[in-house]
Amino acid sequence: KVLAIMQHYQQGEAELPLRHRLIHAQVLRAALIEQMSTMPIAVDIQPRFAVSDFPWVIERIGEERLDYAYAWRTLLNAGIQCAGGSDSPIEPLSPLLGIHAAVTRRPLDLSTVRTDYQSQQKLDRLQALALFTTGSAYAANEEHQRGTLAVGKQADLSIFDRDLLTVPADDLIHAETLYTIVNGEIAYQK
């Protein structure tokens with residue numbers, strides 16, 4: 001069945017039911033990013049890895065490979081679709097922690113902070129939020145059903161007690177979920 005789907009896809013007769021995905025994408029090369037930018041691929045990133053892996057990752061890969069380590073902004077600037085995840089149970093499940101990590105690229109414990117965790121790779125709030133919404137829908141090949149709020153799409157959303165796009169970055173982790181709606185039905189209400 002898979003071979004038949006691939007053959008129809010290659011002949012332009014069908015869409016692939018699943019996309020190729022690169023999981024983690026932690027240490028890359030410029031040539032690989034360039035190649036990926038020409039492909040219909042989704043890259044799953046786990047923003048929390050940057051805050052838990054540094055500084056030991058520098059010792060493992062060396063300073064010379066840091067330019068393409070956890071290079072989320074570089075991936076997005078290359079037009080590569082990225083999806084956010086937690087890699088739970090390795091990292092905490094909360095997408096708010098992932099958004100915080102994508103925006104700040106520093107751990108919550110400020111006593112361990114260095115200022116050089118590739119700060120040029122920080123994402124803005126909208127980019128970070130998109131990892132967990134439009135990016136995840138694209139990675140699952142469900143962008144026509146999920147990822148944004150639109151007529152005809154599944155209503156999957158969470159409502160928080162504060163605006164995630166405007167609160168100070170460290171307040172992101174304190175946002176409380178008021179409602180979670182899945183497929184148009186309230187799944188959680190505070």
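Provide the net charge surrounding Thr148, with neighbours chosen by a C-beta distance below 15 Å and charges set as Lys +1, Arg +1, Asp -1, Glu -1. Please list the in-between numbers first.
Values: positive: Arg146, Lys153; negative: Glu142, Glu143, Asp156.
For residues surrounding Thr148, the net value is -1.
Sorted by accessible area with a 1.4 angstrom probe, largest first, how do Leu157, Leu66 fall?
Correct descending sequence by accessible area is Leu157, Leu66.
Sequence-distant or interchain residues sharing an amide H contact under 5 Å with Tyr70, placed H: which?
Close amide H contacts, sequence-distant or interchain: Val27, Leu28.
What net charge do the residues around Gly184 carry, taking every other residue with its C-beta under 12 Å from that of Gly184, with Lys and Arg at +1 and Asp and Glu at -1?
Details: positive: Arg146, Lys153; negative: Asp156, Glu185.
Every neighbour counted, the sum reads 0.
If you rank Trp72, Trp56 by how much accessible surface each has, with a 1.4 Å probe, what is the order from largest down?
On the way: Trp72 5, Trp56 110 Å².
Most to least solvent-accessible, the answer reads Trp56, Trp72.
May I ask you to order 181-190, 118-127 by the average number of other C-beta atoms within 10 Å around their residues, highest value first?
Values: 181-190: 10.8, 118-127: 16.0.
Descending packing order for the listed peptides: 118-127, 181-190.
If you place +1 on the Cβ of every Lys and Arg, -1 on the Cβ of every Asp and Glu, and leave all else neutral, what size is the dipole of the chain about its Cα centre, to the nearest 20 Debye?
Details: 17 positive and 23 negative charges, 37 e Å.
Computed about the Cα centre, the dipole is about 180 debye.
What number results when the radius of gyration of the chain, computed over Cα atoms, is divided by 2.2 N^0.38 Å? Please list the in-between numbers first.
Values: Rg = 17.9 Å, N = 190, 2.2 N^0.38 = 16.2 Å.
Taking the Cα Rg and dividing by 2.2 N^0.38 Å, one obtains 1.11.
Glu143 accessible area, nearest 10 Å², 1.4 Å probe?
Approximately 40 Å² for this residue.
Quick one: net charge of Gly135's neighbours, Cβ under 10 Å, K/R +1, D/E -1?
On the way: positive: none; negative: Asp44, Glu143.
That works out to -2.
I'd like to compare 32-39, 78-85: which one has the highest average count of other Cβ atoms within 10 Å, and what's the full order after that? Don't skip to the answer; put the middle values down first.
Working: 32-39: 13.4, 78-85: 20.2.
So the order, starting with the most tightly packed, is 78-85, 32-39.
What size of dipole, in debye to the nearest 20, comes out for segment 14-57 about its Cα centre when the only charges are +1 on Lys and Arg C-beta atoms and -1 on Asp and Glu C-beta atoms?
Here the size comes out at about 60 debye.
Which Cα, out of Ile181, Thr104, Tyr117, lies furthest along the positive dipole direction of segment 97-187 (beta carbon charges, K/R +1, D/E -1)?
Working it through, the farthest residue towards the positive pole turns out to be Tyr117.
The values are calculated or read from the model by the stated rules, or taken from the named source; none is laboratory data. From a predicted model like this one, the values you see are computed outputs, not experimental measurements. Please note: Cβ atoms are built from the backbone with ideal geometry, for glycine as well, and neighbour counts cover all protein chains shown. The area values use the complete protein model at the heavy-atom level, side chains included, leaving out ligands, DNA and RNA. Shrake-Rupley method; radii C 1.70, N 1.55, O 1.52, S 1.80 Å.
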